[in-house]
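The values are calculated or read from the model by the stated rules, or taken from the named source; none is laboratory data. Keep in mind the model is a prediction, meaning the values are calculated, not measured. Note: ideal-geometry Cβ built from the backbone for every residue, glycine included; neighbour counts use all protein chains shown.
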Ligand code: TRP
């Protein structure tokens, strides 16, 4: 059985970095027959671990992320969407896994480490909330509750997968082979692993204000491409241009196909030809930016249209999430029962507890 599970924190609308890094791949996976099941989780509980004082942001973005999912073509007939806080087995599984992990181990997690710094939890006397350091354990519960063996994630999530694998091994060793070992699945294309922001900084991030959102209008897209960072040494038209670190070319690497050249810029056969001309000099940024607009808009236009469709049908969107959450609860409940049986904390229904007591009494 091949089960895919992945998720996103609802802390903002999804952007084109999410698209090339994971959403595009998810749409492909949902249509491949070698996978039996795909589950996609809106990780609101996890989002609260560093947004506990800003619940409204999380609340607002649950629906936004759901709209983003549907608009890129993820299909509720094939994929189970659910919301983390409504899965009752997750906190309970987390509780049992907490016994299998030490505090120093959690604090060694490189992603958690850098997030602690980033969020100022290491500042003076403030300290790190227990819920925050604990989130890798809770993420192991997300993954194992559904017996996922494939977890599509970005590179920053590899430490979480490592932690989940350790928990699975400890649990299965200590109690019984119940949990499935998960494997991360990274995007194959190097540029898609981390798309830079339009300002050229390493990552697209809401707080830096350098994102292109899936929900951006055509005008917003145009404006952002106009502002986009290119090659600061490419001043006069005849100057040779540089590709490395030039965001326009990075985005073309992630989105453009030979087909786009046929349709929008037949002077060139492919991206290599365009790059070579740019490097030689004599090619201005504005022309390339116009082309990039066509390429990006080609992907974003149908997404925008689908989003507008679902924005008019919020009740239906919420129903999809509710239905998916029901199904997810059934799966996770079953795993929780197996986990409790394996540990031996089952005293009533169909347990051998009474028999044990009677046997002991007879000895
Ligand atoms: N930590 C992930 C992120 O920040 C979100 C997430 C929560 C997740 N639980 C998960 C991803 C389980 C994959 C599997 O993007």
Qualifying residues in region 71-85 (those that are more than 16 Å from the chain's Cα centre (by Cα) and in a loop (DSSP other than H, G, I, E, B)) - the one farthest from the ligand (Cβ to nearest atom): 77
Sole exception among (1) within 16 Å of the ligand (Cβ to nearest atom); (2) modelled with pLDDT under 90 for residue 211, by number: (2)
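Residue-by-condition table, conditions (1) at pLDDT 90 or above; (2) out of contact with any helix residue (DSSP H, G or I) (no Cβ under 8 Å at 6 or more places or on another chain):
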site: 175; (1), (2): yes, no
site: 179; (1), (2): yes, no
site: 200; (1), (2): yes, no
site: 206; (1), (2): no, yes
site: 216; (1), (2): yes, no
site: 226; (1), (2): yes, no
site: 240; (1), (2): yes, no
site: 244; (1), (2): yes, yes
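When you check residue 64 against the structure, is it within 14 Å of the ligand (Cβ to nearest atom) and out of contact with any helix residue (DSSP H, G or I) (no Cβ under 8 Å at 6 or more places or on another chain), yes or no?
Working: within 14 Å of the ligand (Cβ to nearest atom): no; out of contact with any helix residue (DSSP H, G or I) (no Cβ under 8 Å at 6 or more places or on another chain): yes.
It is false that residue 64 is within 14 Å of the ligand (Cβ to nearest atom) and out of contact with any helix residue (DSSP H, G or I) (no Cβ under 8 Å at 6 or more places or on another chain).
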Residues of region 141-152 that turn out to be more than 9 Å from the ligand (Cβ to nearest atom) and under 15 Å from the mean Cα position of the chain (by Cα), as a count: 1
In region 22-36, the residues that are within 14 Å of the ligand (Cβ to nearest atom) and over 28 Å from residue 133 (Cα atoms): 25, 26, 29
Residue 168 being buried (at least 19 other Cβ atoms within 10 Å of the Cβ) and touching a strand residue (DSSP E or B) at 6+ places or on another chain (Cβ under 8 Å): no
Residue count for region 153-169, restricted to those that are near the ligand (Cβ under 8 Å from one of its atoms) and modelled with pLDDT under 95: 4
Region 106-140 - residue that is outside any loop (DSSP other than H, G, I, E, B), farther than 11 Å from residue 163 by Cβ and in contact (Cβ under 8 Å) with a residue 60 or more places away in the chain and, of those, nearest to the ligand (Cβ to nearest atom): 115
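In region 8-21, how many residues are within 12 Å of the ligand (Cβ to nearest atom) and surrounded by fewer than 22 Cβ atoms within 10 Å (Cβ to Cβ)? Lay out the reasoning, then the answer.
Going residue by residue through region 8-21, those that are within 12 Å of the ligand (Cβ to nearest atom) are 8-12, 14, 17-18, 21.
This time we only want the ones that are surrounded by fewer than 22 Cβ atoms within 10 Å (Cβ to Cβ), so: 8-9, 11-12.
Here the count works out to 4.
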Leading residue by the ranking (nearest to residue 170 (Cα to Cα)) among those in region 86-105 that are in contact (Cβ under 8 Å) with a residue 60 or more places away in the chain and not in a helix (DSSP H, G or I): 100
Search result, residues across region 311-330 that are touching a residue at least 60 places away in the same chain (Cβ under 8 Å), surrounded by 13 or more Cβ atoms within 10 Å (Cβ to Cβ) and closer than 14 Å to residue 62 by Cβ: 317, 318, 320, 321, 324, 325
Whichever residue in region 179-203 is surrounded by fewer than 15 Cβ atoms within 10 Å (Cβ to Cβ) and not in a loop (DSSP other than H, G, I, E, B) and, among such residues, is nearest to the chain's Cα centre (by Cα): 183
Hits in region 11-43 (condition: more than 28 Å from residue 248 (Cα to Cα) and in contact with a helix residue (DSSP H, G or I) (Cβ under 8 Å, 6 or more places away or on another chain)): 35, 38, 39, 40, 41, 42, 43
Set 350, 276: member being surrounded by fewer than 17 Cβ atoms within 10 Å (Cβ to Cβ), within 29 Å of residue 192 (Cα to Cα) and without any contact (Cβ under 8 Å) to a residue 60 or more places away in the chain: 276
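Considering only region 30-50, state which residues are closer than 26 Å to residue 326 by Cβ and surrounded by 19 or more Cβ atoms within 10 Å (Cβ to Cβ).
Of region 30-50, the ones closer than 26 Å to residue 326 by Cβ are 30-33, 35-49.
Hits for region 30-50 are 38, 39, 40, 41, 42, 43, 44, 45, 46, 47, 48, 49.
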Enumeration of residues in region 170-185 that are away from the ligand (no atom under 13 Å from the Cβ) and touching a residue at least 12 places away in the same chain (Cβ under 8 Å): 170, 171, 174, 175, 176, 178, 179, 180, 181
